[in-house]
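Structure first, commentary second.
The values are calculated or read from the model by the stated rules, or taken from the named source; none is laboratory data. Quick caveat: nothing in here was measured; it's all calculated off a predicted structure. Every residue, glycine as well, gets a Cβ built from its backbone with ideal geometry; the counts of neighbours run over all protein chains shown.
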Amino acid sequence: MMKKTDESRIRESVDFLSEKLRLQVLFVMPTRAIGPFKDLADIEYNVSRVHTDRPEGTLRDKVVVLEHRYDRRRVRQQREERVAAIRQAAIERFDAEEAKAAGRDAAAKSA
C-alpha cells in the first residue's frame, strides 16, 4: 500500500489508522527497512527461514520467529535524540566548511 510513499506520509497514515480509527496496523517489510518506523510499533515479529542439514521429514528449512516488544515512548525518544545529534553534527560540519571557505577567500583577496 505504501511502497512509494515518503516517510512523513506513512507516519501520518499510520497515526490516523491506529489513533483515530483505532485499527491495528501491520508493517510487513524487510528488517533493513523497519528502522524509521520502529517508534510506531509495539511488537515486532522477525520471521526468518533457516536451512538445516538435519531435515525433519522432507523439510530442509526451519522457520524461526522472534518477538520483540517495544516501549514506543522510549524508542521515539531515542530516535529524536539521534536525529538531533545528526542534525547538530551536520550544522557543525557545514559551519566548519564555511569558515574554511571564508579563510580561503580572505587569503586569495590579500594575495
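For the range 14-65, filtered to residues that are among the basic types (Lys, Arg) and outside any strand (DSSP E or B), the residue that is nearest to ARG82 (Cα to Cα) is LYS38. Consider the range 1-51 and keep the residues that are modelled with pLDDT under 85 and polar (S, T, N, Q). The one that is surrounded by the most Cβ atoms within 10 Å (Cβ to Cβ) is THR5.
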